[in-house]
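Worksheet: one structure, shown below.
The values are calculated or read from the model by the stated rules, or taken from the named source; none is laboratory data. On a predicted model such as this, the values are computed, not experimentally measured, just so you know. Cβ coordinates were reconstructed from backbone atoms using ideal geometry, including for glycine residues, and neighbour counts include every protein chain displayed. Just so you know, the surface numbers come from the protein's heavy atoms only, side chains and all, with ligands and any DNA or RNA stripped out. Shrake-Rupley method; radii C 1.70, N 1.55, O 1.52, S 1.80 Å.
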Amino acid sequence: MKKLADRVFLLCAAAALLSVPALTLARVSARQSLYYENRTLADKPAWDWEAVLEGDWFSSWEEWYSDRVPGRTTLLRLTAKADLDLLKRPVVNDVVVSGDKLLPFLPYGRWDTRVHRTNAEPFAEDLGAFSRRVEELGGRFWFVGIPEQGPYFYDHYPPELENRRWNSTAANAAFFQALEDHGVAYVDMEAVYDAQGRPEAYYSAVDHHYRWRGALAAYEAVLDRINGDAGWALPVMREADLNIRALPNPYLGSRNRKLYGLWPSEERAEIGELKQPIPFTRKDDGQACGAEVYALPGSEEQLVTYGLYMGGDHGETVIRTNRPELPNALIFGDSFTNAMETLLYTSFNETRSLDLRYYEEKSLREYVEEYRPEVVLCVRDNTAFYTSGGNARVWTDETPGA
Amino acid sequence: MVFSSMTFLFGFLPVLLAFYFLLPQRFRRGRNGVLLVFSLLFYAWGGLRLLGLMAVSIAVNYCGGLLAAPGRRFRRWAMWGAVAVNLALLGWFKYAGFLAENLVLLGLPVEPPEVTLPIGISFFTFQGMSYVLDVYRGEAPAERSPLRVALYIALFPQLVAGPIVRYTTVAGEIASRRETAGDAADGGVRFCVGLAKKMLLANALGQVADAAFRSRTVLSTAMAWLGALAYTGQIYFDFSGYSDMAIGLGRVFGFHFLENFNYPYLSRSATEFWRRWHISLSSWFRDYVYIPLGGSRCGPARQAGNILAVWLLTGLWHGAAWNFLLWGLYYAALLLGERFLWGRALERAPAALRHGYALFFIVVGWVLFRAESLADVSLMLRALFGISAPGGLGSGEALYYFKEFRWELLLAVPAALPLKGLLERRLNRRAREGSRPAAALLAWGPPALALALLALSAVKLVSSTFNPFIYFRF
C-alpha cells in the first residue's frame, strides 16, 4: 500500500509543480491588471547587467510570476475569506474588520507630537507663498482640510487597536496653526463636521473617502466661507435644491476592495441631481466629454466604486457653465475633490480641477499665472497633510509629473 | 533563491527534476553535472557576482584537500593554508565591517568597508573547512575529482542555510547513489512539511515577534513575553523547516543528510538543548574546536576556557554584532553553570521543573539573539521582568497580536512536540496487529497531509509578502 501511496503522491506533486508554470505561460498575456489589488501587473524584468550581478534581476521575476500565477485572485479571495469567516482575525489585509466599519490598521507606537509643528513648516511655507501669488494675480486661495475616514471614525476602533487619535489631533492642529502663521486661509472640515455632530452618514463604512453627503456638507461650508471672506453672494446648492438618491448597485469601497468585496455591506452610493439643472460642457485632459458629473453604471447589478464621482481621477477637468457673472475657480487636490466637484461647478462660471499626481503639462504656479482664477481651492485629506509630491507641489516650477 | 518562492517551487524545481530524471540513472556523472549546474544557478540567483566567491571556495578546498591528504609533504601547511583562506573569506565578508565600526568607536581612523554579506557563506565555508580537516585527519579520502568537491560544497539543498553536511556523510552518495520512488516520496513529504512550517507558522509568528521587537515606546510586559515566545517559535519553525526542506530535497536526489533538529524545546537543560538544536553546527564546533582544544579531558579551568572559546565563536558565527557575542557568552555561562554548579541539582529536580527551567532560559536567550542592539536587549529584558516597561504590564497591542495570530500561536505548541513519532509508533503497532485502517492511515496519511500542506503553503506564498528566512543572514 505504501508503494502505491508513494507513487500517487509523486504523480500529484509532479502535476502540481508542472501545471502551475505551464498554465502561467499559457495565460501570460491574458490580463494586464489586478482589479481587487487595484494595480497593474509587475513588468517583465528588463535585462540589465548590473541587476544581474547584484541579483535584483532574478528577484524581480518572483513578483512577475506571483502576479501571473493562475487563479491568483481566487486564491487571495479564499485566503481573505478564511481569515474573515473561519479564523476570525480582527485585521485582514491591513483592514480592521472587528468593528462596525472597515478602518485602516495603524501600527502601534508613540512619538513626540511636537515634531509636527516643525514638519508642517515647509508645507505651510509653500502654501503661504502660493496664496500670496494667487492674491497678486487678483484671486483668493483657501486650503480645505478634510478628515479621512479612519481618523473620522476614530472612536469606532476596537479598544485594543490603535486609532492614533492622539497623533492626528496634534498633527492637524500643528498643520492649521502653521497655515495660520503663514497667512493661509483654511477651512478645517473636521471642526465643521464636529459642529454638526460628526454625523456617521457623512462617511463611508467601507471606503476611505467621505460619502456624497459629507462632500455636500464640505461644499456648503467652503462656499459659505468664500462668500463670507470675499463678501460675494455665489449661489450655493442646498439639500432642498437637489434630488438626492441612493443607487441600487452594490458599493465596493476601497477598504472592502482589499477584502475582495467579502465584507457584508448594505451601503449604497448616493448622488444628488439638481432640481433646476445648470447646463455645462466638460473636458477631461483637453478632450470634450459628456456633460455628466457621475459615471453611472450600466445596470443595477454592476459594482459601483468611488470612481462614480467625476468618473475618477483626471489630470485636468474643465467645466464651463457660461455664466460670466460668476467667478472662475480652480480646485486641486487628491480624490476627495471628486465628490465635491459634482457640486462646485454650480457655483462658478468655469471650474477647473487639477490632480497634480497626473497633470504633467505645467507647474501649478505656471497654470495659475496663465489662467488667473478668482478662486483657488486646495482640497486635501488629513492623512496627506504631511506627504510631499503630487498635490503638495504647489510652489515649484517643476511640472508635477516630472 | 529561497525554497519558499514561486520561482523555486514552480520554476527552478520542476525544470531541475525534469533534466535530472530524464537522464538514465546509469549516467551518474551526467546527473551530478545537472545538479552542480543547477546548484550554481541557485546560488547565482542571489547575484551573479557571488559565483566568483563560490569558485574560490571550491578551488581552495579542492586543492587544500589534495595537498593535506596523509602522505603529502607539507600537508600541515596545506591544511592551515586552506583553513586560513576560508577564515579570511569569512572574516572579510562577515566581520570586517563590524571590526572597523568598533575601531572607529575607539577613535581609530578606520574606514568601514562596504561589504555585502554573501548568502550562506557561514554554511559553505564551514562545510569546506570540514572537508579539508577530515582529509588531513585521514577521516575522509582526498577527492581527485574537482566536480565532486564542487558538488559537495555547492549542493543547493543545504547550500545557503544548512545543515552543515560532512563530506564523509555524502562522499559515497556523490560517487554512487540510487534514487528511488520511495525516497523521492519520503523526501517530497518532508519538503512539504518543512515548507508548511515556514509558510504557515514561522512567517505568522515572525509578524508577532517583529511587532514586539520594534514596539519600543509602547512595549508592555505582556507584549514582550508574547514577542519572545513568538520568536522562539518562529526561529524553530523557520530553521527546522528549512532543514526539513533541505533533507527532503536531498532524499529526492538520493542523498541522506543527517538530522539537524531533534525537538529542541523538549530539552531539560541548556546542555541538552544544544544537543537537539542545529546539531550539525554544534557537532562541527565540538569536533573541530572543542575537542582539539582539549575538550573535557582536562582540568576545570581549561574546560571552562574551552567552553567559553567555543561559545564566543558560536555567537560570532551567528552574526557580527555584540548581541550575538552576548548570546554566546550567555550560553557559555549556562553550560558552565550546569557542568560545575547546578547541574546535579537540576538532574534531581522534577521533570516539569527542568523543562520549565530550560524553556525559560532558551526564551530569554532568543531575546538576546533577536534584539538589534544592546539597548534593545536591555529594553526587552526589563519589559519581560516588568521593570519599567514603557507600555506597562498589559497592552492593547499584546491583546491584538494574540487575537490576530492565536491560531498559529496555539498550533505552534503541538507542532514543536514529537507527536508525529508517537502517532506513527501507535499506528505501526496496530498495523502489525492486523488493523487495515491503521495500515492505510500510515501509507496514505503523510502524502495526503503533505499535499494539503503544499496547497496551503502555495496559497500563502501567493498571498504573503512577508517571507524572510532568518538563517540566510548567517
Do the conditions hold for residue A:76, that is, is it away from every other protein chain (no Cβ under 12 Å), in a helix (DSSP H, G or I), open to solvent by less than 50 Å² (accessible area, probe 1.4 Å) and closer than 15 Å to residue A:257 by Cα?
no
Hey, can you tell me all the residues within the stretch B:405-430 that are of a type in the set (Phe, Trp, Tyr) and surrounded by fewer than 19 Cβ atoms within 10 Å (Cβ to Cβ)?
B:407
Testing residue A:112 on (1) within 12 Å of chain B (Cβ to nearest Cβ); (2) assigned to a loop (DSSP other than H, G, I, E, B); (3) modelled with pLDDT of 85 or more; (4) surrounded by 15 or more Cβ atoms within 10 Å (Cβ to Cβ), one condition comes back false. Which one is that?
(4)
If we scan the stretch A:59-70, do we find a residue that is β-branched (Val, Ile, Thr), open to solvent by less than 30 Å² (accessible area, probe 1.4 Å), touching a residue at least 40 places away in the same chain (Cβ under 8 Å) and in a helix (DSSP H, G or I)?
no
The correct count of residues that are surrounded by fewer than 16 Cβ atoms within 10 Å (Cβ to Cβ) and touching a Ser or Thr at 6+ places or on another chain (Cβ under 9 Å) in the stretch B:294-321 is 0
Test set (1) more than 16 Å from residue A:306 (Cα to Cα); (2) open to solvent by 30 Å² or more (accessible area, probe 1.4 Å); (3) not small (Gly, Ala, Ser) - residue A:211 fails condition number
(1)
Inside the stretch B:319-343, can you point out the residues that are of a type outside the set (A, V, I, L, M) and in contact with a Lys or Arg (Cβ under 9 Å, 6 or more places away or on another chain)?
B:319, B:323
Do the conditions hold for residue B:372, that is, is it touching a helix residue (DSSP H, G or I) at 6+ places or on another chain (Cβ under 8 Å) and within 14 Å of chain A (Cβ to nearest Cβ)?
no
Just one of (1) farther than 30 Å from residue A:330 by Cβ; (2) in contact with a Phe, Trp or Tyr (Cβ under 6 Å, 6 or more places away or on another chain); (3) of a type outside the set (Asp, Glu); (4) not in a loop (DSSP other than H, G, I, E, B) trips up residue A:81, so point out which.
(2)
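Taking helices (runs of 4 or more DSSP H) that fall entirely within the stretch B:1-116, which contain at least 1 residues that are surrounded by fewer than 20 Cβ atoms within 10 Å (Cβ to Cβ) and within 14 Å of chain A (Cβ to nearest Cβ)? Steps first, answer last, please.
On the way: elements: B:13-22, B:28-44, B:50-68, B:75-90, B:96-105.
Hits in the stretch B:1-116: B:13-22, B:28-44, B:50-68.
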When residue A:40 is evaluated against the numbered criteria (1) more than 10 Å from chain B (Cβ to nearest Cβ); (2) surrounded by 15 or more Cβ atoms within 10 Å (Cβ to Cβ); (3) of a type in the set (Val, Ile, Thr), which criterion, by number, is the only one it fails?
(2)
For residue B:177, state whether it is under 18 Å from the mean Cα position of the chain (by Cα) and either within 14 Å of chain A (Cβ to nearest Cβ) or not β-branched (Val, Ile, Thr) (or both).
no
Single residue of A:262, A:216 found to be assigned by TED's automatic domain parsing to the domain that holds residue A:348 and surrounded by fewer than 22 Cβ atoms within 10 Å (Cβ to Cβ):
A:262
Selection count where residues are more than 17 Å from the chain's Cα centre (by Cα) and either open to solvent by less than 10 Å² (accessible area, probe 1.4 Å) or closer than 17 Å to residue B:464 by Cα (or both), scope the stretch B:196-215
10
Of all strands (runs of 3 or more DSSP E) fully inside the stretch A:320-393, the set with 2 or more residues that are farther than 17 Å from residue A:126 by Cβ and open to solvent by 10 Å² or more (accessible area, probe 1.4 Å) is A:350-354
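Filter the stretch A:13-26 down to the residues that are facing another protein chain (nearest Cβ under 8 Å) and either open to solvent by less than 60 Å² (accessible area, probe 1.4 Å) or in contact with a strand residue (DSSP E or B) (Cβ under 8 Å, 6 or more places away or on another chain) (or both) and list them by number.
Of everything in the stretch A:13-26, those that are facing another protein chain (nearest Cβ under 8 Å) and either open to solvent by less than 60 Å² (accessible area, probe 1.4 Å) or in contact with a strand residue (DSSP E or B) (Cβ under 8 Å, 6 or more places away or on another chain) (or both) turn out to be A:13, A:14, A:16, A:17, A:20, A:21, A:24.
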Of those in the stretch A:298-315 that are open to solvent by 30 Å² or more (accessible area, probe 1.4 Å) and in contact with a strand residue (DSSP E or B) (Cβ under 9 Å, 6 or more places away or on another chain), the residue farthest from residue A:215 (Cα to Cα) is A:303
Name every residue in the stretch A:86-113 that is in contact (Cβ under 8 Å) with a residue 60 or more places away in the chain and farther than 24 Å from residue B:401 by Cβ, in order of residue number.
A:113
If you scan the stretch A:219-240, which residues turn out to be in a loop (DSSP other than H, G, I, E, B) and either among the charged types (D, E, K, R) or open to solvent by less than 10 Å² (accessible area, probe 1.4 Å) (or both)?
A:238
Residues (at the interface with chain A (Cβ under 8 Å from one of its Cβ atoms) and open to solvent by less than 20 Å² (accessible area, probe 1.4 Å)) located in the stretch B:394-404
B:397, B:400, B:404
Which listed residue is among the β-branched types (Val, Ile, Thr), under 30 Å from residue A:305 (Cα atoms) and surrounded by fewer than 22 Cβ atoms within 10 Å (Cβ to Cβ), from A:144, A:192:
A:192
Pick from B:193, B:189, B:252, B:218: which is open to solvent by 10 Å² or more (accessible area, probe 1.4 Å), of a type in the set (A, V, I, L, M) and under 17 Å from the mean Cα position of the chain (by Cα)?
B:193
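Scan the stretch A:164-180 for residues that are within 26 Å of residue A:306 (Cα to Cα) and crowded, with 22+ Cβ neighbours inside 10 Å and jot them down. If you could, list the steps in order and put the result at the bottom.
Start the filter on the stretch A:164-180 by keeping residues that are within 26 Å of residue A:306 (Cα to Cα), which leaves A:164-165, A:168, A:172.
Listed by number, the list holds a single entry, A:168.
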State which residue pairs qualify: first residue in a loop (DSSP other than H, G, I, E, B) and inside the stretch B:295-324, second residue among the polar types (S, T, N, Q) and open to solvent by less than 10 Å² (accessible area, probe 1.4 Å) in any location, beta carbons under 9 Å apart, and separation of 6 or more residues or different chains.
B:295/B:306; B:296/B:306; B:298/B:306
How many residues does the stretch B:124-161 contain that are charged (D, E, K, R) and buried (at least 23 other Cβ atoms within 10 Å of the Cβ)?
1
Residue among A:103, A:86 that is within 12 Å of chain B (Cβ to nearest Cβ) and either open to solvent by less than 50 Å² (accessible area, probe 1.4 Å) or out of contact with any Phe, Trp or Tyr (no Cβ under 6 Å at 6 or more places or on another chain) (or both):
A:86
